[in-house]
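Reviewing the structure listed below.
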Amino acid sequence: MSYPEGLERDFPLARLTTVRAGGSGDMFARAGTEEQLLELLAFAEDEQAQVGVVGSGSNLLISDDGFRGLVLKLDRDLATIERDGDRVLCGGGARLPSAAAKSAGWGLSGLEFGVNIPGSVGGAVRMNANAYGGELARTLEWVDICTGAGRDRRVPADLGFSYRRSNLREGEIVSAASFALSPAVPEDVKATLAGMRSKRREAQPSGIKTFGSTFKNPDDPRAEGRSAGVLLDAAGCRGLTVGGARFSPKHANFVENMGAATTADILELMSQGRRRVFEMCGVVLEPEVQVLGEVEWPAGWELG
Ligand SMILES: Cc1cc2nc3c(=O)[nH]c(=O)nc-3n(C[C@H](O)[C@H](O)[C@H](O)COP(=O)(O)OP(=O)(O)OC[C@H]3O[C@@H](n4cnc5c(N)ncnc54)[C@H](O)[C@@H]3O)c2cc1C
């Protein structure tokens, strides 16, 4: 099989992520149409290459050694946001805050929760993203999933959603999604978005290189209802620094790349934070951030 058009070799991946760390992908390509995406996936299958997909890179940590395989990013036709009556159809690469804002302008309610989630629609489905109680599955009607074998359409009941996870596997790429929304007064929806934006500005640091929440909120009675951020703070992690990475002084569950952090710095910081919380109250924090490529977790990562 010949190499697909636009395929790039040894592509630096850090710039595709919000935390700006990590190495290069052996192969990288942008897919602008479903046809192109299917071709690239078939190529990867033929080459027996692993496939990784990057959305907005807002919950992603790339190995310092990069990724041995093909990394894909969806754009053009696969990043559109269109209205169809009370539905909003999005490409998998569409930005969720743009989908929320456009829907508000169209007088459609149900995607407001996405206004502060700096991810793509595909990444949001994969991660079952959520904020302020707005559930993705409540308005999601269907998603198209592309793999090396072709395209199939799935409904939320097929996606195994639970807290910050779905059952999507490596190589299963969300190329499109349909949201069934409710008619509303545009000014009311816009006012809700404005309220959510200002609430967020107060609670979270802005303008930093981060992947948002590092650890999931624990479902463990020993946490006594405290979030991962509250536990990390109580364990003295606010501002804790390893190399170029630190836990944000404003939000202890946010890791900040202060300039030249490596993924190894970030993993070591995560490991130290996790250990401190465990030693404080016995709770084992699990990462929310997704890792692309092979990483070696620090020796202190395993607890117990
Ligand atoms: C400042 C900040 C605030 C945040 N706030 C929230 C919040 O309130 N709520 C919340 O839930 N999250 C939040 N996040 C985390 C993040 O924005 C979400 O998890 C988001 O859904 C990730 O989407 P993405 O496109 O950036 O995915 P990426 O980070 O690019 O990837 C995450 C995972 O999804 C996979 N993926 C990406 N695109 C696709 C696709 N098309 N098909 C299949 N798999 C795909 C990737 O391979 C990877 O495994 C925040 C992050 C930041 C930086």
**Request:** Of all residues in the stretch 163-177, count the ones that are more than 9 Å from the ligand (Cβ to nearest atom) and surrounded by fewer than 18 Cβ atoms within 10 Å (Cβ to Cβ).
**Result:** 4
**Request:** Pick out the one residue from Arg201, Arg246, Arg222, Arg197 that is over 18 Å from the mean Cα position of the chain (by Cα), surrounded by 19 or more Cβ atoms within 10 Å (Cβ to Cβ) and of a type in the set (D, E, K, R).
**Result:** Arg246
**Item:** Residues satisfying the stated conditions in the stretch 82-100, i.e. away from the ligand (no atom under 16 Å from the Cβ) and either surrounded by fewer than 19 Cβ atoms within 10 Å (Cβ to Cβ) or within 23 Å of Leu60 (Cβ to Cβ) (or both)
**Value:** Glu82, Arg83, Asp84, Gly85, Asp86, Arg87
**Cross-chain or 6+ apart pairs with Cβ under 6 Å, the stretch 279-300 first and of a type in the set (A, V, I, L, M), then in a loop (DSSP other than H, G, I, E, B) and crowded, with 17+ Cβ neighbours inside 10 Å** = Met280/Ala235; Val283/Pro218; Val289/Asn59; Val289/Phe211; Val289/Thr214; Val295/Ser63
**Complete:** Just one listed residue, out of Leu16, Leu70, is within 16 Å of the ligand (Cβ to nearest atom) and touching a helix residue (DSSP H, G or I) at 6+ places or on another chain (Cβ under 7 Å), and it is Leu70
**Item:** Sole exception among (1) of a type outside the set (D, E, K, R); (2) part of a strand (DSSP E or B); (3) surrounded by 22 or more Cβ atoms within 10 Å (Cβ to Cβ) for Gly114, by number
**Value:** (2)
**Message:** Checking the structure you have, find out if any residue of the stretch 138-146 is part of a strand (DSSP E or B), in the same structural domain as Phe179 (by TED's automatic domain parsing), closer than 26 Å to Phe11 by Cβ and in contact (Cβ under 8 Å) with a residue 60 or more places away in the chain.
**Reply:** yes
**Asked** Condition test on Gly229, is it at positive phi and not aromatic (Phe, Trp, Tyr)?
**Response** no
**Request:** Run down Ser213, Ser162, Ser178, Ser206 and say which single residue is under 27 Å from Asp86 (Cα atoms) and within 18 Å of the chain's Cα centre (by Cα).
**Result:** Ser162
**Asked** If you scan the stretch 249-266, which residues turn out to be crowded, with 24+ Cβ neighbours inside 10 Å, without any contact (Cβ under 8 Å) to a residue 40 or more places away in the chain and under 15 Å from Ala21 (Cα atoms)?
**Response** none
**Complete:** Per the filter on the stretch 114-133, residues within 10 Å of the ligand (Cβ to nearest atom) and free of Cβ contacts under 8 Å to residues at least 24 places away in the same chain are Gly114
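Identify, from the list Arg238, Arg200, the residue that is more than 16 Å from the ligand (Cβ to nearest atom) and either among the basic types (Lys, Arg) or under 30 Å from Gly122 (Cβ atoms) (or both). Full working, then the answer.
Working: Arg200 fails: more than 16 Å from the ligand (Cβ to nearest atom).
Exactly one of Arg238, Arg200 is more than 16 Å from the ligand (Cβ to nearest atom) and either among the basic types (Lys, Arg) or under 30 Å from Gly122 (Cβ atoms) (or both), namely Arg238.
The values are calculated or read from the model by the stated rules, or taken from the named source; none is laboratory data. Keep in mind that what you see is a predicted model, and the values were worked out from it rather than measured. Here Cβ is always computed from backbone atoms with ideal geometry, including for glycine, and neighbour counts include all displayed protein chains.
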